[in-house]
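Data first, discussion second: the structure below is written as structure tokens.
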Amino acid sequence: MPRIRGSRDAPSRGPHLVAGRATILLYAVLVAALVAVVTVAVSLGTATLAARDVWHVIFSHVVGDTGGLDPLQDQIVWDIRLPRVLVAAVVGAALSVIGVSLQALVRNPLADPYMLGVTPGASFGAVLVMASGSTALQGLGVTGGAFAAALLTMIAVFVIAQRGGRLTDTRLILAGVAVGYLAVAATSFVQLQTSPNQLAGIMFWVMGSLAGTEWADLRVPATALALGITWLLTRGRALNALMVGDDAAAGLGVDVHRLRRQLLVVTSLMTATVVVVAGGLGFVGLVIPHITRLVVGAEHRRVLPASMLVGAVFLVLVDLAGRTVNRPNELPVGIFTAGIGVPVLMWLLLRARQREGA
Amino acid sequence: MRLEFEDVSIDIGPARIVSDVSLRIEQGEVVGLVGPNGSGKSTLLRSAYRVLRPVGGAALIGGESVWDMSAREAARRRAIVTQHTVLDAAFSVREIVAMGRTPRKGAFDRDTEHDHEVVERALDDVHMSWAARRSFATLSGGEQQRVLIARALAQEAGLLILDEPTNHLDVRAQFEILDLLRNLRMTTLTALHDLDHAVSYCDRVAIMAEGALVAEGVPAEVLTPELVHDVFGVRAVLDTHPITGRPRIAVASAGAQRTDQY
């Protein structure tokens, strides 16, 4: 590949739009954006509330003084909308973080929990536990079943995709899609066996939805996200090293096999907790990390927190669209993530090809 | 930091790729590892990367087997520049070099002023400071190779292992890399595909063929026409380089004759 010498003279353009100290500012902007979209998402709906009222209700609950609240407003904000909006934020954040981790794990920007079959696998595990009369399976709990199935799916995909210890792009994606389809089919089968009329249930596992989420749905995925992102940040340097190749990472002192195994478990666990509350949501883990890297570059100690915030903002907005554009009917949030995700993905692929061709 | 291969044998799948190689690189030496493609050079090096575990023998760094130490400890003793890295990820040059600090940092350590100094010094040593903010992917092959050497320097290890660092580079960039490696004055083991590079830049050369070490020693003494013919299947003549006055090796196809026309 011949290159023209004298690139020295080319304008010194960094790979990131935001670097160094400006990153802190970016986090601040993203946190502010998250607060803003949460406020908007809680305000809007069949009954539209003022932002001031929304915060009044939230504040009253936080300080534990709910006596003077309008019962209707209280119910709309605290019982119906806020838990759902927060679950959307957590799910969007978690899926983005999972996407970043998987992309480092397989060193492939196309990795996404849905495409690698992990999300469908987790759905299958969850449905199997719910449908099963077996007390052994019930003992696992729905999240436990989803986690076990997600882990097994991911291992299966890796075993199918690897050849002589190496993972090639095409084989990985093909294996992920194939195993994913199998899991979707199995999920639908189990669902139809147990409740033949519940087609809507199948839609949840295939497309994902945040309808009807409650406070109880928040704790497990939020805990998993907090633990996951903390652990991943301590592995930020190792994840960077993993991006430059297995041998190079080993040269930098990263125990590549152990790190991969750990990533496998952490991403499976996070995916399972997300799938149980939000179903089979796709594309968030693919699109958000891409967009975030365009802004902050590839360094994981920046990409992880930034993607987490961008993903949270994104899914809150998307879920808001899902429940407002076609009122009073609600559209599953997965339709929007796919509807936004696919064009963005195609745009990114075209851009990448143009840059290679240039 | 001394590097020793002690009776190293490596299998990949059912095949024996390296058999019974013993080789010692002393403190301060630059040793070239040469041999035809598939002779097991990279495989031998990967045992020192702590990637391939030998079925027999061991790679020792500072007198200790790399498999008896953690991956981190190994990376504090030796740095590696692997063969031709293709990287799509949007890392800046400085970020790539900063990765060299990985084995020196704990999970909760932040980058310190010292880390920044080490990184800047490494960039300066390879004359790439001007590109610190640039995207690694936009550099030329030779520039990328220099950055990867800077990353190795940032590890502050006593030993440098390189796998064909001049591969895919244009001729000027090849000499820039080789001059740089000589000037670093580090204990260095480097696989090389060009015999002349081994002759003109290495203190010693080790020659591999079909997984075994067939000769080692001072290049101008070891690379005899007979040995080069046996191992590489080409004719070779050692003489003096008209520009540098150092030994050089001229090679031609096995049946080559002197002719006036082609």
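The values are calculated or read from the model by the stated rules, or taken from the named source; none is laboratory data. Small disclaimer: the values here were computed from a predicted structure and weren't measured. We place every Cβ from the backbone using ideal geometry, glycine too, and count neighbours over all the protein chains shown. Surface accessibility is based on the protein's heavy atoms, side chains included, excluding ligands, DNA and RNA. Shrake-Rupley method; radii C 1.70, N 1.55, O 1.52, S 1.80 Å.
With the requirement that a residue be surrounded by fewer than 16 Cβ atoms within 10 Å (Cβ to Cβ) and of a type in the set (D, E, K, R), what does the stretch B:36-68 give you? Once the filter is applied, which keeps residues that are surrounded by fewer than 16 Cβ atoms within 10 Å (Cβ to Cβ) and of a type in the set (D, E, K, R), the stretch B:36-68 yields B:Arg53, B:Glu64, B:Asp68. Considering (1) more than 10 Å from every other protein chain (Cβ to nearest Cβ); (2) surrounded by 13 or more Cβ atoms within 10 Å (Cβ to Cβ); (3) at pLDDT below 80, say which one A:Asp9 fails and leave the rest. Of the numbered conditions (1) more than 10 Å from every other protein chain (Cβ to nearest Cβ); (2) surrounded by 13 or more Cβ atoms within 10 Å (Cβ to Cβ); (3) at pLDDT below 80, the odd one out for A:Asp9 is (2). For the stretch A:19-31, a tally of residues being open to solvent by less than 60 Å² (accessible area, probe 1.4 Å), over 11 Å from A:Ala312 (Cβ atoms) and outside any loop (DSSP other than H, G, I, E, B) returns 5.
Results for (1) within 12 Å of chain A (Cβ to nearest Cβ); (2) within 28 Å of B:Ala59 (Cα to Cα); (3) open to solvent by 20 Å² or more (accessible area, probe 1.4 Å), shown as yes or no for each residue.
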| position | (1), (2), (3) |
| --- | --- |
| B:Ala122 | no, yes, no |
| B:Ser140 | yes, no, yes |
| B:Ala154 | yes, yes, no |
| B:Asp163 | yes, yes, no |
| B:Asp170 | yes, no, yes |
| B:Arg182 | no, yes, yes |
| B:Thr190 | no, yes, no |
| B:Asp194 | no, yes, yes |
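Out of A:Ala41, A:Ala33, A:Ala89, one residue alone is in contact (Cβ under 8 Å) with a residue 40 or more places away in the chain and closer than 16 Å to A:Leu225 by Cα. It is A:Ala89. With the structure loaded, tell me whether A:Ala50 is within 14 Å of another protein chain (Cβ to nearest Cβ) and at pLDDT below 95 or whether it fails that test. In short, no.
Within the stretch A:131-141, the residues that satisfy the criterion of being in a helix (DSSP H, G or I) and either under 21 Å from A:Gly334 (Cα atoms) or over 23 Å from the mean Cα position of the chain (by Cα) (or both) are A:Ala131, A:Thr135, A:Ala136, A:Leu137, A:Gln138, A:Gly139, A:Leu140. For the stretch B:21-35, a residue qualifies if it is closer than 10 Å to B:Phe5 by Cα and either charged (D, E, K, R) or open to solvent by less than 10 Å² (accessible area, probe 1.4 Å) (or both), and the qualifying residues are B:Val21, B:Leu23, B:Arg24, B:Ile25. Residue count for the stretch A:52-85 satisfying the condition of being under 28 Å from the mean Cα position of the chain (by Cα) and open to solvent by less than 50 Å² (accessible area, probe 1.4 Å): 9.
Only a single item in (1) within 9 Å of chain A (Cβ to nearest Cβ); (2) surrounded by fewer than 24 Cβ atoms within 10 Å (Cβ to Cβ) is not met by B:Phe175, and it is number (1).
The C-beta contact set for the stretch B:156-179 (first residue aromatic (Phe, Trp, Tyr), second residue in a loop (DSSP other than H, G, I, E, B), distance under 9 angstrom, 6+ apart or interchain) comprises B:Phe175/B:Thr166.
For (1) more than 13 Å from the chain's Cα centre (by Cα); (2) among the polar types (S, T, N, Q); (3) surrounded by fewer than 16 Cβ atoms within 10 Å (Cβ to Cβ); (4) modelled with pLDDT of 95 or more, each residue gets a yes or a no:
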site	(1), (2), (3), (4)
A:Leu264	yes, no, no, no
A:Gly311	no, no, no, yes
A:Gly322	yes, no, no, no
A:Val325	yes, no, yes, no
A:Leu331	yes, no, no, no
A:Gly334	no, no, no, no
A:Leu350	yes, no, yes, no
A:Gly357	yes, no, yes, no
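Residue pairs whose Cβ atoms lie under 6 Å apart, sitting 6 or more positions apart in sequence or on different chains, and linking a residue in the stretch B:113-133 that is over 18 Å from B:Arg185 (Cα atoms) to a partner that is among the charged types (D, E, K, R) and open to solvent by 70 Å² or more (accessible area, probe 1.4 Å), are B:Ala132/B:Arg94. Condition test on A:Ser132, is it within 30 Å of A:Ala216 (Cα to Cα), free of Cβ contacts under 8 Å to residues at least 12 places away in the same chain, open to solvent by less than 40 Å² (accessible area, probe 1.4 Å) and of a type in the set (S, T, N, Q)? Yes: the conditions hold for A:Ser132.
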